[in-house]
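Taking it in order: structure first as structure tokens, then the write-up.
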Amino acid sequence: MNAIEISNLKRQFKTTIGVIKRQTKEVVAVDGISFDIHAGELFGLLGPNGAGKTTTIKMLTTLLIPSSGTATIMGLDVVKDAEKIRPRIGFIFGGERGLYWRLSGLDNLRYFATLYYVDANVAKKKIPELIELVGLKGREKEKVEGYSRGMRQRLHIARALLHDPEVLFLDEPTMGLDPVGAREMRMTIRDLQSAKKTILLTTHYMFEADALCERIAVINKGKIIALNTPEKLKHTVQDLSVVEIEIFGIPPGFLEKVRKLEFVDSVVVETHNQRQILLVHTPKGSSAISDIVEALNGLRLGKIVTREPTLEDAYVHLVGGQL
Amino acid sequence: MVKKIKGILRVIRMSFEIELRQNLTDGFVLFGIVIQPLIVAFTALWMLKDKGPDYAIFIVVGSAMTGLWTALLFNSGNSIIGERWAGTLETLVGTPSSLRVIVFGKVLANITQSLLSMIGCYTLISLVMGYPLTLSRPIFFLISILLTVFAFVGFGVIIASLFILIPDFQRLQNTLEFPVYILCGFLFPIALLPGWTTPISYILSPYWAARALHGSALGALEINQIYISWVMLIFFSAVYIIGSSALYRLVLKRARVDATLNTTG
């Protein structure tokens, strides 16, 4: 049985340009996407910034009305049945917003328990349990403004679980967390998966999607460009190798020279302080190194390594190296 | 049905409590509740110290009502704006509770705290200055005060919907302040205004609240006229609250189409 069914879902936004001669421009954030999520599945939605992930989640959580297409949650339409859907879903959006900072964590949970019509006696038991689950025990009476980013994220999780929803939407739940906080959050998500919740998770972190999700949809420029299990997505790049080149400063034009090499599939630059790592995806493997080095002639190069592709490389390959 | 009503009352009570708790930690709001009414009360009574007590009570009631309207417009309006900026407006809309009921609780909190602070301030200053404020019909005045809360809450729920619908509505906040003072006859009778404005005054519930309060404080209205004011006040406030159901459905649909529930779209 499918918990979520999406068919040709589209969402446009209007923006205005200019002051005197105002022009209205339409931006397509989500462009006719379709996919289903089975009940109890942990499904990942991956994509670069502005790909349409948050817009998709906002339509599914009834906070935005689609421009066209349909989406159902547990068989209920997100537009017509919004009021019936809300008690059955929980959502968290990445970041620290969406909480009352001048109130304590406990007061935030008490308020939202009331708004979700959680019975007062049930809430009395449930709130301390959730505070313990998300590791805020002992800090719950402090104001949220004094919490760390990780604590706020965890409070969001507790808020989303107050009414024991069947379906959870987690939009970049580990965004901005330190490694320990992110790992704890992933463990919490795993526990929710064990509790048979249907979860739609968006993330930028490939290893996170790889470790958690049963299936992943890759979204770019509003369109689903791949949908499969993490293993099968990795197979899309099994014929490619990744050449990693350490460089100390890349002037304009050099990147284009590498991209234009006929055996290069895609190129990504990762910046680490003073140095950059150039990731070149190519079917030629280590035999491509000499041509790439020649294209970078004149630059100061460091370590050069050839390795097997990961899920992240599959993702880069799919979105065309536009990270 | 009983369970549903209980649930709604819990949401109102909790929204009321949360709004009060937030206000008590906001220096700007605290200034508006405690210090500003003291300054206004002191100034008003100082200016009137040589006039008769009848005139004084008119001004005191009138200026307290202007204070209530300002509190409603700014505290309740800014509260919605604050929710949008904090990202909580979206979180509230995503809950099964009606946003209209949540706003009702918030507006009720803002009106109650402003009313209590103004009654306290005027009483304190008049005692300090040795200037007794005499009420012609105290029981009628008390009932009128309770109904005034109802009138302002009904009006506030409608006004708050505009802040939900239009993210830039704050720009119009100041321009809305004085027309309502004038049209509702807070500080001078609406008979001084052009005749075409009278129907507008009549459909504003705070006008009937001002009429009942002024009438019962000064004794200038017959008892049956006070009753009429109460009936009209209850009628229009009920119309606002019932009508706001359809209004909020439209406003929320529009906000979900235009993506205005959050500052980030």
**OP:** Sort A:Trp101, B:Trp208 so the one with the fewest other Cβ atoms within 10 Å of its own Cβ comes first.
**Re:** A:Trp101, B:Trp208
**OP:** If a/c stays under 1.5 just call it rounded; otherwise compare a/b with b/c (prolate if a/b is bigger, oblate if not). Do that for the protein assembly as shown, with a ≥ b ≥ c from the square roots of the Cα gyration tensor eigenvalues.
**Re:** prolate
Subject >> Filter on A:Lys80/B:Lys4; B:Lys3/B:Lys106; A:Lys25/A:Lys260 - keep pairs with C-alpha separation over 30 Å >> reply: A:Lys25/A:Lys260
**OP:** Rank the residues A:Glu132, A:Glu262 as a footprinting-exposure proxy: fewest other Cβ atoms within 10 Å of their Cβ go first.
**Re:** A:Glu262, A:Glu132
Subject >> Simple label model, 7 Å out from Cα along Cβ direction - B:Thr197 to A:Asn2, nm >> reply: 6.0 nm
Original post:
How crowded by other chains is B:252-262, given as the mean number of beta carbons from other chains within 10 Å of each beta carbon?
Top reply: 4
Original post:
Per residue of A:107-119, what is the mean number of Cβ atoms on other protein chains within 10 angstrom of that residue's Cβ?
Top reply: 6
Original post:
Label point 7 Å out from B:Leu20 along Cα-to-Cβ: which residues of the range B:114-128 have amide N under 18 Å?
Top reply: B:114-121
Original post:
What's the average, rounded to a whole number, of partner chain beta-carbon atoms within 10 Å of each residue's beta-carbon in B:89-101?
Top reply: 6
Subject >> Residue order, fewest to most beta carbons within 10 Å, for B:Trp69, B:Trp196 >> reply: B:Trp196, B:Trp69
**OP:** Would you mind telling me which residue in A:Leu299, A:Leu45, A:Leu76 has the biggest mean-square fluctuation in a Gaussian network model of chain A, where springs connect alpha carbons within a distance under 10 angstrom?
**Re:** A:Leu299
Original post:
Placing +1 at every Lys and Arg Cβ and -1 at every Asp and Glu Cβ, with all other atoms neutral, what dipole size does the protein assembly as shown have around its Cα centre, in debye to the nearest 20?
Top reply: 1100 debye
**OP:** Calculate how many DSSP beta bridges within the protein assembly as shown are antiparallel, expressed in % of all such bridges and rounded to the nearest 5.
**Re:** 70 percent
Original post:
Using a Cα distance threshold of under 23 Å, what count of lysine pairs results for the range A:193-257 when pairs must be 8 or more residues apart or interchain?
Top reply: 4
Original post:
So how strong a dipole does chain A carry about its Cα centre when Lys and Arg Cβ are +1 and Asp and Glu Cβ are -1, to the nearest 20 debye?
Top reply: 1160 debye
Original post:
In sequence order, what are the phi-derived ³J(HN,Hα) couplings for the range B:128-138 according to the Karplus relation 6.51 cos²θ - 1.76 cosθ + 1.60 with θ = phi - 60°, rounded to whole Hz, with x for glycine and proline?
Top reply: 4, 8, x, 10, x, 9, 9, 9, 5, 10, x
**OP:** Using only the Cα atoms of chain A, build the gyration tensor, take square roots of its eigenvalues as a ≥ b ≥ c, and label the shape rounded, prolate or oblate: rounded if a/c is under 1.5, else prolate if a/b is larger than b/c, else oblate.
**Re:** prolate
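Answer rounded, prolate or oblate for the range B:135-187, using the Cα gyration tensor with square roots of eigenvalues a ≥ b ≥ c: rounded when a/c is under 1.5, else prolate when a/b is larger than b/c, else oblate.
Since a/c reaches 1.5 but b/c is at least a/b, the shape of the range B:135-187 is classed as oblate.
Taken together, the values in this text are just the output of simple stated rules run on the coordinates, not laboratory data. Nothing here was measured: the structure is a model prediction, and the numbers come from that model. Positions of Cβ are generated from backbone atoms using ideal geometry, with glycine treated the same way; all protein chains shown enter the neighbour counts.
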